[in-house]
Amino acid sequence: MTPILDVRGLVKHFVRRRGLFQPPSVVKAVDDVSFAIHEGEMFGLVGESGSGKSTTGRCILRLIEPTAGEVLFRGENVLAFSRERMRLARRDMQIVFQDPYSSLNPRMRAGDIVEEPLIIHSLGARPERRQRVAELFEMVGLEPDHLQRYPHEFSGGQRQRIGIARALALSPALIIADEAVSALDVSIQAQVVRLMLELRERLKLTYLFIAHDLRLVEHICSRVAVMYLGRIVEMGETGALFTAPAHPYTRALLSAVPALDPDAPRDRIVLDPSSFNPDAPLRPVGASHFAAV
Amino acid sequence: MTAPLLDVRNLTVTFAGARSTVTAVNDVSFHIAPGETLGLVGESGSGKSVTAFAILRLLQAPGRVSAGQIFFEGRDLLTLPEREMRQVRGARISLIFQEPMTALNPVMRVGDQIGEALTVHGMASRAEAQRRAVELLEAVHIPNAGERVRDYPHQLSGGMRQRVMIAIALACRPALIIADEPTTALDVTIQAQVLDLLRELRTAFNLALLLITHDFGVIAEMADRVAVMYKGSLVEQGAVRQILRAPAHEYTRSLLAAVPGTTQDRGGQAPSPR
């Protein structure tokens, strides 16, 4: 079966000029990243700040233009698409951002925020659009009287529901959730995650779930890729990767997560960068489990 | 049992608005023994940080303590003259914030910021303060401390900045540190290092810690006892094992159940938002 999303050799270099007589510095934010996601999957992309996970998500949607590589969506390379073709492709691929405070226009009413993608893509006349917005509000658990309110009148969790409703407006197949629940309190986070899982069943959605919270990813994702300094250092079934991490970075990362048991042994593994070759390619270390060792 | 270092009794904090008054902290009582770590947990708006600010008498109007007593080393902080309170604040009780970038002065060298904590409290001359700053940076394991004292905050990574914050907090040898979400803004590997450091310093200096966090993992690693806040009230407090393994209050149970990986139900059981 063809994967719904197939990222091959994705590269994003940021070039910074440093002055007249100095060579520009190149930051390899994403450095030869490849992974594939199957229809209906919840695929986790984890890493710490600066690992390149968000840049990867944005390159897939071409919100940032990648330097090189291919992004195949249902077999077609979206990086080769014209502007117009890309605009159409974005109907199928939507993103939900981390910060529900800065990602919603504060001067627009919630109903208009959710309707806007339908207007941009000229879908339906006004009554049909309003009908669709009402459906979306119901779907994400918002009340009809929320339609007329402004973003500041909502709590963080409700705002993230508005962001999800907006992302769902065009009936996408793939949602890129970029730290979509990281800013929320744990109880609200649980509610929004549950909503995302319900919507996956109901709308046959596929998720690229970008997060730094390893416990959450372990809990909800079927497969996971670990990024470190712009590269995927390990990828595999969540269970296998969390129980038997093969890459030194993954081991250090997992050992740093505080255990919920006060009596759990604290066997912190400190990463020794000299213990692995940063250029090693991914190779199989188990069934559907790869590591750059 | 030793006399408590900090003994908060029936603390109530209100914020008077134009039309109504909000009770942010409602009749809260807890105590911390010397060298003990109390974890104060709760979600946004539960009143954890307001409690910390009330202890240090740093509440901004219209917030005010409308009832209660805060005994620290035997004296009620709420009745101390401001001049005496200044000798407690930053010297006997110090504070570590979540965001080291906003809590540090961006145009002041880190060594001077550490030294300032000492000179303000008259505990060292300027020259002496510089020497102590290097020692303190060494105590929080900043490599090349002798050179790093001359750095500005922007030259340091997030984890290093938090170490500088801890060095400032330690400068006057306080008996109690209030740490308000000290590792929330940090990556998990850096968080682990900062928690290890706090644990080490706690033993070395016999520090008591009021650790404010929403992360039960941090609580499990650090706290001796836990107090759970919900909408301004303490709903439960007890030994860390008791709270984590056999929580008595419905809210604590639902909060723990919402932590990923603690329940079979995918996504967790969320407490009602109301």
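The values are calculated or read from the model by the stated rules, or taken from the named source; none is laboratory data. Worth saying up front: this structure is predicted, and the values here are computed from it rather than measured. So basically every Cβ, Gly included, is an ideal-geometry build from the backbone, and we count neighbours across all protein chains shown. Note: areas computed on protein heavy atoms with side chains; ligands, DNA, RNA excluded. Shrake-Rupley method; radii C 1.70, N 1.55, O 1.52, S 1.80 Å.
Restricting the stretch B:196-211 to residues that are touching a Gly at 6+ places or on another chain (Cβ under 8 Å) and not polar (S, T, N, Q), which is surrounded by the most Cβ atoms within 10 Å (Cβ to Cβ)?
B:L211
The set of residues in the stretch A:125-134 that are open to solvent by less than 70 Å² (accessible area, probe 1.4 Å) and over 18 Å from A:L104 (Cβ atoms) comprises A:A125, A:R129, A:R130, A:R132, A:A134. Restricting attention to the stretch A:135-168, the residues being open to solvent by less than 60 Å² (accessible area, probe 1.4 Å) and either in contact with a strand residue (DSSP E or B) (Cβ under 6 Å, 6 or more places away or on another chain) or assigned to a helix (DSSP H, G or I) (or both) number 17. Within the stretch A:143-161, is there a residue that is within 19 Å of A:S51 (Cβ to Cβ), among the acidic types (D, E) and more than 8 Å from every other protein chain (Cβ to nearest Cβ)? The answer is no, given that none of the residues of the stretch A:143-161 is within 19 Å of A:S51 (Cβ to Cβ), among the acidic types (D, E) and more than 8 Å from every other protein chain (Cβ to nearest Cβ).
Which of the residues belonging to the stretch B:240-261 are facing chain A (nearest Cβ under 9 Å) and either out of contact with any Leu (no Cβ under 6 Å at 6 or more places or on another chain) or surrounded by 24 or more Cβ atoms within 10 Å (Cβ to Cβ) (or both)? Those that are facing chain A (nearest Cβ under 9 Å) and either out of contact with any Leu (no Cβ under 6 Å at 6 or more places or on another chain) or surrounded by 24 or more Cβ atoms within 10 Å (Cβ to Cβ) (or both): B:V240, B:R241, B:L244, B:R245, B:S254, B:L255, B:L256, B:A257, B:A258, B:V259, B:G261.
Would a scan of the stretch A:43-50 turn up a residue that is within 29 Å of A:L214 (Cα to Cα), among the hydroxyl-bearing types (S, T, Y) and open to solvent by less than 10 Å² (accessible area, probe 1.4 Å)? No, the stretch A:43-50 contains no residue that is within 29 Å of A:L214 (Cα to Cα), among the hydroxyl-bearing types (S, T, Y) and open to solvent by less than 10 Å² (accessible area, probe 1.4 Å).
If we only count strands (runs of 3 or more DSSP E) wholly inside the stretch A:13-116, which ones have 2 or more residues that are in contact with a His (Cβ under 8 Å, 6 or more places away or on another chain) and more than 14 Å from chain B (Cβ to nearest Cβ)?
On the way: elements: A:25-37, A:42-46, A:68-73, A:93-96.
In the stretch A:13-116, the matching strands (runs of 3 or more DSSP E) lie at A:25-37.
Residues in the stretch B:169-180 that are assigned to a loop (DSSP other than H, G, I, E, B) and either open to solvent by 20 Å² or more (accessible area, probe 1.4 Å) or of a type in the set (A, V, I, L, M, F, W, C) (or both): B:A171, B:C172, B:R173, B:A175. Among the residues of the stretch B:219-239, those that are surrounded by fewer than 22 Cβ atoms within 10 Å (Cβ to Cβ) and either touching a Pro at 6+ places or on another chain (Cβ under 6 Å) or among the acidic types (D, E) (or both) comprise B:A220, B:D224, B:E236.
Each row is one residue, and each column tells you yes or no for (1) among the acidic types (D, E); (2) more than 9 Å from chain B (Cβ to nearest Cβ).
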residue: A:L195; (1), (2): no, no
residue: A:L203; (1), (2): no, yes
residue: A:T206; (1), (2): no, yes
residue: A:F209; (1), (2): no, yes
residue: A:E218; (1), (2): yes, no
residue: A:V224; (1), (2): no, yes
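Where helices (runs of 4 or more DSSP H) fall wholly inside the stretch B:1-116, the ranges with 1 or more residues that are surrounded by 14 or more Cβ atoms within 10 Å (Cβ to Cβ) and at pLDDT 95 or above are B:48-55, B:82-88.
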